Amino acid sequence: MFKSVNEYLRKFPDATDKVMENLSYFDTRNLVSFLKVPTDFCIGLADEICLPHFVYSVYHHATCPKTLMMLPFVPHCEPPTFRDRARFEFAAM
């Protein structure tokens with residue numbers, strides 16, 4: 001997402017204030033208080049898309065039951081353990 005925002009702002013630098021205002025509505029740290037279900041958070045310390053300090057901030061502000069997995073050297077991806085767990089829970093329904 002940040003790459004596309006940067007590309008857009010290079011073409012339309014006068015739109016910076018409006019873009020930043022719009023992005024503030026999508027700040028997951030501000031929305032996480034609405035989360036009520038148990039949630040798994042995963043931080044890939046080499047993630048360049050969902051930066052680790054952003055994910056940790058969201059995790060820290062979540063008040064729902066939560067778990068945190070930190071994976072050093074892992075870029076942006078869905079951890080296989082989350083995928084496998086979701087398949088198992090869906091199959092058990």
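Every number in this text was worked out from the coordinates using simple rules, so none of it is lab data. A quick note: this is a predicted structure, and the numbers were derived from the prediction, not measured. Please note: Cβ atoms are built from the backbone with ideal geometry, for glycine as well, and neighbour counts cover all protein chains shown.
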Q) Suppose every K and R has +1 on its Cβ and every D and E has -1 on its Cβ; what is the size of the dipole of the stretch 1-55 about the Cα centre, in Debye to the nearest 20? A) 80 debye
Q.
Quick query: amide H of Leu68 versus all other amide H atoms, modeled in the peptide plane; which residues come in under 5 Å with a sequence gap of 5 or more or a different chain?
A. Phe41
Q.
For Val74, what residues show an amide H to amide H distance below 5 Å, using hydrogens built from the backbone and excluding near sequence neighbours?
A. Leu45, Ala46
Q) Tell me, what ³J(HN,Hα) does each residue in the stretch 33-46 have, in order and in whole Hz, if you take phi through Karplus 6.51 cos²θ - 1.76 cosθ + 1.60 with θ = phi - 60° and put x for Gly and Pro? A) 5, 7, 6, 10, 8, x, 9, 9, 10, 9, 10, x, 5, 9
Q.
Apply the Karplus curve 6.51 cos²θ - 1.76 cosθ + 1.60, θ = phi - 60°, to the phi angles in the stretch 12-23 and return the couplings in whole Hz, x for Gly and Pro.
A. 10, x, 6, 8, 3, 4, 5, 4, 5, 4, 5, 5
Q | Whole-Hz couplings from phi, Karplus 6.51/-1.76/1.60, listed for the stretch 59-69; x for Gly and Pro | A | 4, 4, 8, 6, 9, 6, x, 8, 10, 10, 10
